[in-house]
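> The structure is given below, and queries will be raised subsequently.
Every number in this text was worked out from the coordinates using simple rules, so none of it is lab data. It should be emphasised that the depicted structure is a prediction, and the values quoted were computed from it without experimental measurement. Ideal geometry is used to build each Cβ from the backbone, glycine not excepted, and the neighbour counts take in all protein chains shown.
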Amino acid sequence: MSIIEQAIERMGQLKRAGVDIGTEPEEAAAPAAVQPLAAVPAAAAPVVATPEPKPANEPVVVRNVPDASSRYVELDLARLDSIGLVVPSAPRSQIAEEFRVIKRPILANAHGKGAAPVDNGNLIMVTSSVPGEGKSFNSINLAMSIAMELDNRVLLVDADVARPSVLNLLGLPPAKGLMDVLLDDSVNLPDVLLRTNVEKLTLLPAGMPHKNATELLASGAMRSLLVELAHRYPDRIIIFDSPPLMVTTEAPVLAQSMGQIVVVVEAGRTTHTMLKQALSKVQDCPVKMVILNKARYARTDGYYGYYGYGYGYGYGADSHQAKGDDDGA
Ligand SMILES: Nc1ncnc2c1ncn2[C@@H]1O[C@H](COP(=O)(O)OP(=O)(O)O)[C@@H](O)[C@H]1O
Ligand SMILES: [Mg+2]
């Protein structure tokens, strides 16, 4: 059964179980509401002229600067808790429990304990079809949830460089990051990493806005950086909050370097056709997982629930044949 068929079957199970997974978009009176966090919008980055990127295919130099040189930032964990994010101080919250389920298969693959070996299993791309489906929200929750484990260190990369929002969601001011490393030879990776008061969680911000920001994700400089990350942090789980798959050509290129792809589906908005098209862009990636975001079901705290509902290895060319009509996922 393909990942889409599994997803559709799971949707049916949830509906039959009385879970409100949102109306189908064609019938929806209004798009799925995002009230709890609507006050924390993604910052639209202004476009400024900046230097040309470093030349493609330059040799990889692993600069051996310890992370201790990285800046330290303090996350306001009470605030993060209040907007529905996973925090270490509330390990048994409903959201933490949901991500406990979601992260398990991801960690198994990252540690080579999945059903099949996965190359670069520690490189995890969180993406979706279009903007606004919950990539950043889910990236942060996944990163935080994994960082709460005893044995895992996490690097959360804001790679949605055209619409960066990780720092904003975390309540942090803009900072140098990925773009600066890609564009400026004098900026080294450890210089822009942000260590946090969640001991095992480190951030790599998107960095300076650039008119060709997304294009840079498919550049030779980015490939070199990914190799550097893999060399420098082989034991770290690296989560990339990434651009949507259907809006740019660079996101699918970035996906080729990843071991695992997490596709966020927004209940009541993402259609089967959108999901099918998004998955077809990452068909060569060995592991794809789908998270159904903003599924509404009875929760006492007023936040949305999540269901991880599709999961598969090595899907072949025919794996994206969705059954059924183009109704809302
Ligand atoms: N499960 C959820 N519960 C509550 N708010 C959410 C949820 N998922 C996303 N949001 C909110 O919806 C908006 C869009 O989500 P975001 O993660 O920024 O989308 P993307 O990164 O895909 O563009 C943000 O304001 C975010 O905080
Ligand atoms: Mg985002």
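> Output wanted: per-residue J couplings in Hz (rounded whole) for region 164-178, from phi through Karplus 6.51 cos²θ - 1.76 cosθ + 1.60, θ = phi - 60°, x for Gly and Pro.
Each residue of region 164-178 in turn: x, 8, 4, 4, 4, 4, 7, x, 10, x, x, 8, 4, x, 3 Hz.
> Moving on. Could you list F99, F240 so that the one with the fewest beta carbons within 10 Å of its beta carbon is first and the one with the most is last?
F99, F240
> HN-Hα J couplings of region 95-105 from phi, Karplus 6.51/-1.76/1.60, θ = phi - 60°, integer Hz, Gly and Pro as x?
Residue by residue, region 95-105 yields 5, 5, 5, 5, 6, 4, 6, 5, 6, 3, x Hz.
> State which entries of K176/K294; K113/K200; K103/K176; K113/K281 exceed 23 angstrom in Cα-Cα distance in the structure shown.
Among K176/K294; K113/K200; K103/K176; K113/K281, the Cα-Cα distance tops 23 Å for K176/K294; K103/K176; K113/K281.
> Long-range amide H contacts for T271: which residues qualify at under 5 Å (H placed 1.01 Å from N, peptide plane, sequence gap of 5 or more or a different chain)?
Counting only residues 5 or more places away or on other chains, the set is A329.
> Order the peptides 73-81, 126-134, 249-257 from the highest to the lowest mean number of other Cβ atoms within 10 Å of their residues.
Peptide ranking by packing, descending: 126-134, 249-257, 73-81.
> What FRET efficiency comes out for D119 versus S69 if R0 is 30 angstrom and r is the Cβ-Cβ distance? Round to the nearest 0.05.
For D119 and S69, the calculated efficiency is 0.50.
> With +1 on each Lys and Arg Cβ and -1 on each Asp and Glu Cβ, how big is the dipole of region 83-228 about its Cα centre, in debye rounded to the nearest 20?
Dipole magnitude for region 83-228 comes out near 380 debye.
> Relative to the Cα centre, what is the charge dipole magnitude of region 148-230, using +1 at the beta carbon of each Lys and Arg, -1 at the beta carbon of each Asp and Glu, and rounding to the nearest 20 debye?
140 debye
> List the residues whose amide H sits under 5 Å from the amide H of N293, counting only those 5 or more places along or on another chain, with H placed 1.01 Å from N in the peptide plane.
Distant-sequence amide H within range of N293: V265, E266, A267.
> Run the dipole for region 145-189 about the Cα centre, Lys and Arg Cβ at +1, Asp and Glu Cβ at -1, nothing else charged, and hand back the magnitude in debye, nearest 20.
140 debye
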